[in-house]
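Visitor: Here's a structure for you.
Values in this text are rule-based calculations from the coordinates and carry no lab data. Keep in mind that this is a model prediction, so the values were computed, not measured. Counting neighbours? That spans all protein chains shown, and the Cβs are built from the backbone with ideal geometry, glycine included.
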Amino acid sequence: MSKQTKILSIVIIVLIASNIFFAAKYFLLREEFNQVKAIANAKNTNEKALNFTKLFVAEVLKADGEVDFETRLKLENAVRELNNDEILSQWQKFIESETEEDAQVEVKNLLEMLIKEIE
Amino acid sequence: MTVMIIVAIPVFASSTSGIIDNNHKYAWSENVGWINFKTDNGNISITDSELSGYAWSSGYGWINLSPPTSGVNNDGSGNLSGYAWGENVGWIDFSGVAINSDGYFSGYANSVIAGQISFNCSNTDSCANSDFKLRTDWRPREERPICNNATDDDNDGLTDYPADPGCSSLDDEDETDPGSGLPPSAYNSPLSPPPSSNNPGGVFSVVINNNDEYTNNKTVLLKLTAGENTARMAISNSIKFVNASQIPFQENMEWEINNSGIVYARFYTKYGYKSQTVSDSIILDNIAPKIKITGIKDYYDSAEDVILIAKTEANAEVVLYWDEKYGLAYADGQGELIMNLGKMPAGDYRLELFSIDLAGNKGDVLFANLIIKKVKKTKEISENQENKPIEQVQQKFYEPIISPKNKFSEELIEKISKFFEPVFPKFPKSKPKKPKEIITIPKKTPLVMRNQWNLFPQEQINEFVLAPLPKGLKRLAKKFPKLQETFDKVGIDKITDLKKLRNSELSLPGLSKYSLFSKKELALLKNIPLSKLPSEIKNKIPSEMIFARIGDEKSIDFDIKLNISDQGKIQQRINAISGQKLILTVRPERKAKSVYGYLAFTERKNQKFSFQNEIPKNKFCNLFNSIIFAKPVFAENYANEVEEEFISQKFSYADKDNDGLWIAEIVAPIVEGEYEVITLIEYEDPDLGTRMIRLTTIVDPEGYVYEMIKDQELRIRNATVSIYQLNSESDEYELWQADNYRQKNPQTTDATGRYSFLVPEGTYYLAVEAADYSFYQSEPFTIQEGFGIHQNIKLKSKNAWLKIIDWKVIAILLLFVLVVWNFWRDKKRSFHNS
């Protein structure tokens with residue numbers, strides 16, 4: 001085996017080894033990145049839920065008078081942005097309450113769900 | 001009181017800057033005659049550094065005291081130098097002239113043409129014949145009051161009144177504070193505010209409208225943050241603080257902004273030292289946004305989505321109203337928006353829409369008519385191609401619904417086009433997707449939002465808010481007067497007040513520190529077993545409460561840590577070490593027939609085995625308490641509530657000497673977890689019946705000694721764990737005398753590596769020795785009575801460095817050696833060949 005061939009072989013071996021190493025590293029980091037991304041998404045949802053809850057408390061629970069249509073629109077948009085069917089369904093139950101007692105039950109259920117979402 | 005913040009240095013015509021006296025205004029020259037230094041237009045001025053203005057000679061004209069290339073200088077002490085210039089007299093040298101402490105000029109100025117100019121008749125002792133003098137109200141620095149001498153006499157970096165806070169007036173003779181002087185801190189700039197969640201950097205700040213980006217109102221709310229020694233502040237819309245005044249510091253204030261929307265603030269100490277200038281800005285926009293529909297069909301089919309395009313202000317909200325419902329849409333960064341109103345039944349509709357910009361300005365309402373026709377046959381639709389607006393809208397927004405199969409290719413095209421976009425901006429892109437249907441709400445306000453109902457049941461809230469403290473807690477406070485005092489001081493008399501105790505840990509005294517006992521009695525409690533105490537002391541021991549000790553009746557006495565929940569439930573963290581013997585004592589209220597108990601498992605504790613490199617001071621776990629009473633004062637009537645399946649131990653209390661104290665010995669369970677000690681007192685009096693006392697106990701595992709091998713813990717056998725106590729008299733550490741407490745010191749670990757100590761209050765350190773491992777010694781730590789030491793201790797192998805060599809390192813080294821060997825061989829061969 002000539003000198004050049006030997007050097008070439010060693011270089012190729014080293015390059016293959018480093019390729020394997022970096023490929024492994026890449027996949028590990030990608031996995032880690034996906035996990036972080038999932039956490040970030042969860043946090044984002046959490047923030048949306050928190051914002052909706054704040055809006056709900058400030059504009060509905062602490063309302064001095066009838067809630068105006070602009071606020072209602074904001075609430076409706078905010079609740080749908082959560083992309084949570086359970087919360088949306090509970091929100092609709094609350095909105096459609098026919099009696100004071102029903103409203104009291106539904107508001108508690110809604111708050112409970114929101115708190116769970118924020119946790 | 002308001003004070004001007006932008007203060008110009010005042011001109012005081014008598015000291016620092018002077019003029020010529022009307023009665024003494026002439027100098028004399030043999031060649032040119034009288035020279036008048038106080039003419040109507042001469043404006044001669046004398047300062048600490050120079051003379052300026054013009055003198056007048058009737059024969060030779062004006063003499064400029066500050067000509068462009070020279071000028072008459074003053075050294076501040078009244079010694080003049082430099083040259084004045086006259087068109088007809090040439091240069092006049094003032095280096096021989098001085099101003100004395102009374103403001104009189106003396107000496108001569110010299111000029112080739114004018115010759116000697118005398119400023120005072122006393123120069124030639126000729127005042128008797130011709131009384132002329134030149135005088136000013138300027139005074140040399142040395143002759144002026146300390147607070148007006150243009151000198152920083154107290155070296156505080158500040159000069160004279162009003163800059164130096166030590167000066168009360170220009171006549172003040174002391175720049176330092178009269179009397180004892182100002183504290184050194186008086187010369188400090190305002191302190192920065194401490195870091196907080198809103199201000200993590202801990203910097204001076206002014207925040208407009210809670211950091212809103214826009215406002216449509218010139219009146220804004222400022223939030224100001226400054227350090228504790230800030231007394232005043234100045235706010236301005238100008239960076240130069242024009243017309244600004246110092247006002248007392250306040251954290252919030254209303255302010256009128258100008259069109260720039262920038263607000264500047266400075267903060268001052270009470271001594272007048274100022275901070276750097278800080279600012280905040282907000283965009284003032286009070287122009288209502290306009291909206292224009294740019295895409296609408298002449299009519300829509302009832303089977304299709306009604307889509308419109310509009311243009312308004314960037315990022316504005318657009319509120320729509322049609323068919324008894326409201327909808328909301330958002331414009332993009334260019335102000336464009338596409339509104340999908342969804343499918344609508346055939347008919348004529350009137351659409352109203354208006355936009356609200358980011359500053360909250362509402363635009364005028366725009367009206368549009370929508371015509372919805374019934375679905376026509378496909379043929380009819382294809383014939384109706386001349387309806388251009390329809391075409392435009394359809395082409396732009398009516399792409400066919402993407403099937404799942406096509407979805408991947410669509411995404412791929414989008415990714416590729418995005419990748420090539422910087423290089424080929426016109427790279428084909430996928431079609432824009434159909435806009436989402438607008439979320440709508442009915443015009444009629446739902447009942448729940450009409451503010452007619454209480455959304456929370458008022459009665460229940462009132463009951464909760466005004467409910468008194470739980471009975472058990474009241475009884476606990478009654479038995480521990482100090483606890484009652486705490487409740488009184490903190491203002492706890494309703495159940496809702498309990499939130500004040502959230503996150504706080506109450507400490508109740510151990511039996512030997514109980515305040516109802518006298519000092520003598522407490523000494524007895526410490527030294528004599530409970531059973532041998534005099535009857536009068538025994539009778540003072542609180543009834544229906546459990547006292548527990550480790551080892552024997554004379555063992556260590558511990559304080560109790562309690563947390564009280566919002567519901568008034570007492571939560572105790574009573575930690576015992578598995579396998580530890582403990583003695584429980586209870587004094588029934590009246591004569592009891594029998595007292596017995598159960599040890600019931602409630603839940604397994606999720607013990608996280610973690611190691612702390614350093615043992616933190618005062619952070620040792622609570623090992624056990626001498627008085628433990630999770631709910632002892634809540635002794636309740638027993639109604640066969642004990643669930644047999646969870647009972648791990650049954651035990652009996654005994655009152656061998658009939659002294660009213662019932663004592664039981666139990667062993668803490670080996671398995672760590674949460675347990676409940678249930679004590680039942682069966683009274684002779686049938687009215688009292690059987691009373692139950694519950695007690696929650698957390699059983700901790702013992703500490704252990706281990707070594708980390710590849711992220712796994714390996715317990716170390718035969719490690720010698722010793723604890724050393726600081727002898728306060730000799731100030732030296734000594735091996736702790738564990739025999740007095742029925743314990744061993746040092747302890748030798750078994751295969752589990754476990755050890756534990758229960759020590760009285762004092763300062764200690766731990767030492768661990770094991771063959772083939774480095775010696776371990778903890779930092780000294782101080783602990784209170786009743787704390788157990790059971791930390792997990794990590795030892796390092798003496799040959800730890802060898803463990804970093806694994807197969808990867810060996811492979812790399814081998815590869816390296818092979819490469820070097822190969823080069824060496826080649827070199828050797830080429831050497832031989834040559």
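Visitor: What is the pair-distance distribution P(r) of region B:17-143, computed from all Cα-Cα distances in 5 Å bins starting at 0, with each bin given as a whole percent?
Guide: Calculated over all Cα pairs of region B:17-143, the distribution is 2, 13, 23, 29, 21, 10, 2, 0 percent.
Visitor: Name the long-range amide H neighbours of B:A592: under 5 Å, sequence gap of 5 or more, or other chain; modelled H, no Pro or chain starts.
Guide: Sorted by chain and number, the residues that satisfy this are B:E684.
Visitor: Residue by residue through region B:295-305, what is 3J(HN,Hα) from phi via Karplus (6.51 cos²θ - 1.76 cosθ + 1.60, θ = phi - 60°)? Round to whole Hz and write x for glycine and proline.
Guide: For region B:295-305, the Karplus-derived couplings read x, 8, 7, 5, 7, 10, 8, 5, 8, 10, 6 Hz, x marking Gly and Pro.
Visitor: Once amide H atoms are built 1.01 Å from N in the peptide plane, which residues 5 or more positions from B:A654, or in another chain, come under 5 Å H to H?
Guide: B:I663, B:A664
Visitor: Ranked highest first by the average count of other Cβ atoms within 10 Å around their residues, in what order do B:728-736, B:235-243, B:218-226 fall?
Guide: So the peptides B:728-736, B:235-243, B:218-226, ranked by packing, come out B:218-226, B:235-243, B:728-736.
Visitor: Explain nothing, just compute: Karplus ³J(HN,Hα) = 6.51 cos²θ - 1.76 cosθ + 1.60, θ = phi - 60°, for every residue of region B:213-220 in order, whole Hz, x for Gly and Pro.
Guide: 7, 10, 8, 10, 10, 5, 7, 10
Visitor: Fewest Cβ neighbours within 10 Å first, please rank B:S197, B:S192, B:S130 accordingly.
Guide: If I rank by nearby Cβ atoms, fewest first, I get B:S197, B:S130, B:S192.
Visitor: Hey, fewest Cβ within 10 Å first, where do B:T124, B:T486, B:T136 land in order?
Guide: Listed from fewest to most nearby Cβ atoms, that is B:T124, B:T486, B:T136.
Visitor: Write down Rg/Rh for chain A, rounded to two decimals, with Rg from the C-alpha atoms and Rh from the Kirkwood relation over Cα pairs.
Guide: My calculation of the ratio gives 1.50.
Visitor: Average partner chain C-beta neighbours within 10 Å, per residue of B:440-451?
Guide: Shielding by partners across B:440-451 averages 6.
Visitor: Quick one: which of A:85-93, B:90-98, A:59-67, B:163-171 comes out on top by average Cβ neighbours within 10 Å, and what's the full order, highest first?
Guide: Per-residue mean Cβ counts within 10 Å order the peptides as B:90-98, B:163-171, A:85-93, A:59-67.
Visitor: Would you grab the residues whose amide H sits under 5 Å from the one on B:I283? Only those 5+ places off in sequence or on another chain, please, with H modelled 1.01 Å from N.
Guide: B:Y214, B:T215
Visitor: Here's another thing I want to ask about it. Report Rg (one decimal) and Dmax (nearest whole number) for region B:703-798, counting Cα atoms only, units Å.
Guide: Rg, Dmax (Cα atoms, Å): 13.6, 46.
Visitor: Partner chain Cβ atoms within 10 Å, averaged over the residues of B:453-459 - can you pull that number for me?
Guide: 5
Visitor: Also: Under 9 Å from the Cβ of B:E707, count the other residues' Cβ atoms, weight Lys and Arg +1, Asp and Glu -1, and hand me the total.
Guide: Net local charge, B:E707 excluded: +2.
Visitor: Each residue of region A:86-92 in order: what ³J(HN,Hα) in whole Hz does its phi give by Karplus 6.51 cos²θ - 1.76 cosθ + 1.60, θ = phi - 60°, with x for Gly and Pro?
Guide: Whole-Hz 3J(HN,Hα) from phi for region A:86-92: 5, 5, 4, 5, 5, 4, 5.
Visitor: Considering only the other residues whose Cβ falls under 9 Å of the Cβ of B:N315, what net charge follows from Lys and Arg at +1 and Asp and Glu at -1?
Guide: Summing Lys/Arg as +1 and Asp/Glu as -1 gives -4.
Visitor: Exposure proxy check: B:H24, B:H790 ranked by fewest other beta carbons within 10 Å?
Guide: B:H24, B:H790
Visitor: If you don't mind, another one. Other chains near A:68-80: what is the mean number of their Cβ atoms within 10 Å of each residue's Cβ?
Guide: Across the residues of A:68-80, the mean count of other-chain Cβ atoms within 10 Å is 5.
Visitor: Based on Cα coordinates alone, diagonalise the gyration tensor for region B:205-271, multiply each eigenvalue by 5, take square roots, and list the semi-axes in whole Å, largest first.
Guide: 21, 14, 9
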